Amino acid sequence: MKRQALKIELLEDCVFSARSATEGGHESLDRIPGAALLGAAAARIYDKLGDKAFDVFHSGRLRFGDGLPWSGNGIGWPVPCCWHYPKTGRPDENGRLVSKNLYNFIHVKGIDGNKQPKQLRSGYVHLDGRYTRPMHSLRLKTAISYKTGRASEGQLFGYDALHQGQSFVSLLEADDDFEEVLFNQVIETLEGNVLLGRSRSAEYGRAKISKIPEVEVDGALDPDENKSNGHLILWLISDMAPVDRHGHPTLQIDGLSFGLPGARVVWDKTFLRGRRYSPWNAARHGYDRERLVLGAGGVITLELDGGMDRDKVIETVKNGVGLYREAGLGRLWIDPPLLTTEKPTFEKTQGGTDAEPEEEKPAAPNDPLVTWLKETAGIDWKSQAEEEARRVEESYVTIVAQSRRLHGIAPDVDYGPSRSQWGTVMSKAREVVGQALHTALFTGSNPVIRADGEGWNIEVLDDSGRYQTLADWIHQKLDPSAFEEGRAYAYFVRTLARRIQDRIETRRN
């Protein structure tokens, strides 16, 4: 199989709608659909290819994979639906999934201690255990009346978008007998600046595409050598559009859906979710036929007939299953190593240490090195910053909830700064420290937290019962003079931003 990884850097926010409905809240995908790359390439070279355009864009012999989160040295894969964790706990710590907190329900049917399980439904897992969730941004807009030049009545809408500055990787794959010249031509066409997603004529969609060396994605999605005792585990790396024996779209899958009439779906070891949508075709200026798909992250377990040759089975499904494979649908990982055991085993980091965070071991109390570090470095600053972040977080949650009630905002409506806005605060606290950080947040040439900024401008009651903007309230609470060291202040801001992000995510779920 021919394969080339393409890195996609978002230079602007990009909108990839999860559904075609025009009413209700807009929701964007947390990945870049392969159809967006197919469309970008087709817009540039479709007419030039002549009769070969069918092979490139319609035959399924060349497949434009979804753009998945890229960490710099590894791809993030959609978390498998078979992973569960205790409802009262967390599956991750410090940006990494913790193996001991995860239970693979392919191999087990409950959680130790009869705790209530919760399915891990969102995010992406890297092979070394890193857990990422792409950042989103939401902007409210209104249509402008061409008659009056003012806002149209009842035409308020919003776009949920993937936040700029993030990187994704798409795997461009082709059959072994696909023309090398055509394959390279498509890659060259996509390299450079492109426009992706919706509202490209306005402020959205600008991205940069570049090649990634093959060594960095070598082996991605290749079948694992582990046998599965007559079973085949299929992890959906993208949406899948299966068909029945008559070629009709369906979600009632069986062995024939995979071209394997002798295989049987093991339903108690299968975890799926479905959705339907109608993609917009910019070339035709209309919607394509509605697609009925099984969502990315689904896990299917097949029981193979005793007479079936496993290698031939893998050869049948390795290039994808179902419809729309040219747009990246139907991509599978066969017997992935992360799903072969009761708890996932993550790869080791480049330094040779386990990816999973280890518990900090207490040092000997009389160790002279520890004594010297305490005297010279003042390590108590971290606990002070964490305690202050916890206190400010509790006050923040209280005043925002009070403001929500005073203004009559429903509990299910986003209110105040978004998760991505707090992510910007956290990013700034990684770049600068001390008074320089305080200036960058509030009084610099382009401050992160502004009294007139969306979300930051909501009115709250301060401790004395007076109204002020949330930005002014935060300005008072984030006082750098309360910390002796600049790094302590930056750590306090990062901790506070992360805790509030977790609050927002918990409320959404």
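Quick query: amide H of S20 versus all other amide H atoms, modeled in the peptide plane; which residues come in under 5 Å with a sequence gap of 5 or more or a different chain?
Residues meeting the criterion, in which the H sits 1.01 Å from N, are S278.
Using a 7 Å offset from the Cα along the Cα-to-Cβ direction at both I314 and K48, what is the distance between the two label points in nm, to one decimal?
Those two pseudo-labels are separated by 3.8 nm.
Counting only other residues whose beta carbon sits under 10 Å from that of R139, what net charge do I get with K and R as +1, D and E as -1?
Computed value for this residue: -3.
Among the lysines, which have Cα under 28 Å from the Cα of K343 when same-chain residues fewer than 8 positions away are ignored?
List returned: K87, K100, K109, K115, K118, K227, K269, K318, K361.
What figure, in Å² to the nearest 10, do you get for the accessible area of D311 with a 1.4 Å probe and non-protein molecules left out?
100
Which pairs, out of K2/K211; K2/K48; K7/K428, put more than 19 Å between their alpha-carbon atoms?
Flagged as over cut-off: K2/K48; K7/K428.
Carbon and sulfur together cover what percent of the accessible area of segment 285-327 at a 1.4 Å probe radius? Intermediate results must be reported in sequence, preceding the final value.
Values: 860 of 2030 Å².
Whole-percent figure for carbon plus sulfur exposure: 42.
Among residues other than E394 whose Cβ falls under 14 Å from its Cβ, what is the net charge (Lys/Arg +1, Asp/Glu -1)?
So the environment of E394 carries a net charge of -1.
Excluding ligands and nucleic acids, what accessible area in Å² is computed for K211 using a 1.4 Å probe, to the nearest 10?
The value for K211 is about 110 Å².
Taking amide H atoms as placed 1.01 Å from N in the peptide plane, list the residues 5 or more away in sequence, or in a different chain, whose amide H sits under 5 Å from that of R206.
Under 5 Å from the amide H of R206 lie the amide H atoms of E12, L196, each far enough along the sequence or on another chain.
Starting from the residue with the highest accessible area, list W333, W280 in decreasing order, probe 1.4 Å.
Correct descending sequence by accessible area is W280, W333.
For segment 259-341, what are the per-bin percents of Cα-Cα distances with bins 10 Å wide, up to the bin holding the maximum?
Spelled out per bin, shortest first, that is 14, 41, 29, 12, 3, 0.
Going toward the positive end of the dipole of segment 8-103, with +1 on Lys and Arg Cβ and -1 on Asp and Glu Cβ, which of W83, G67, N94 do you reach last?
W83
Report the label-to-label distance for Y146 and H231 in nanometres (one decimal), using points 7 Å from each Cα along the Cα→Cβ vector.
So the label points at Y146 and H231 sit 6.0 nm apart.
With viscosity set to 0.890 mPa s and temperature to 25 °C, compute the Stokes-Einstein D of segment 19-128, Rh being the Kirkwood radius across alpha carbon pairs; µm²/s, no decimals.
140
Restricting to Cα pairs below 8 Å that are 6+ residues apart, what does the relative contact order work out to for segment 4-77? Please round to a whole percent. Write down the numbers at each step before the final one.
Numbers: 48 pairs, mean separation 20.7, N = 74.
For segment 4-77, the relative contact order is 28 percent.
Pull up all non-local amide H partners of R96: gap of 5 or more, or a different chain, and H-to-H distance under 5 Å with H placed in the peptide plane.
Y131
Give me the distance between the Cα centres of segment 66-137 and segment 229-287, rounded to whole Å.
Using only Cα atoms to place each centre, the spacing works out to 23 Å.
Compute, for the chain, the length of the dipole vector about the Cα centre, with Cβ point charges of +1 (Lys, Arg) and -1 (Asp, Glu) only. Units Debye, rounded to 20.
Computed charge dipole of the chain: roughly 1400 debye.
Determine the sum of side-chain charges near V433: Lys and Arg each +1, Asp and Glu each -1, restricted to other residues whose C-beta is under 9 angstrom from that of V433. Before the final figure, lay out each step's value.
Values: positive: R487; negative: E431, E485.
Net charge around V433: -1.
Dipole magnitude of segment 91-207 about its Cα centre, charges +1 at Lys/Arg Cβ and -1 at Asp/Glu Cβ only, in debye to the nearest 20?
1220
Label 7 Å along Cα→Cβ of K87; segment 475-509 residues with amide nitrogen under 19 Å?
Under cut-off, by backbone N: 505-509.
Kindly provide log₁₀ I(q)/I(0) values, in the same order as q = 0.09 Å⁻¹, from the Debye equation applied to equal alpha-carbon scatterers of the chain.
-0.76
Per residue, how many Å² of accessible area does the chain show with a 1.4 Å probe?
52
Taking a spot 7 Å from the Cα of R284 along the direction of its beta carbon, which residues of segment 58-85 have an amide N less than 14 Å from it?
Of the residues in segment 58-85, 58 have backbone N under 14 Å from the label point off R284.
Taking 7 Å along the Cα-to-C-beta vector as the label spot, tell me the R19-M1 distance in nanometres, rounded to one decimal.
Modelled inter-label distance: 3.2 nm.
The values are calculated or read from the model by the stated rules, or taken from the named source; none is laboratory data. Just so it is clear, the structure is predicted and the values come from calculations on it, not from any experiment. Counting neighbours? That spans all protein chains shown, and the Cβs are built from the backbone with ideal geometry, glycine included. Remember, those area values only see protein heavy atoms, side chains included, never the ligands or the DNA or RNA. Shrake-Rupley method; radii C 1.70, N 1.55, O 1.52, S 1.80 Å.
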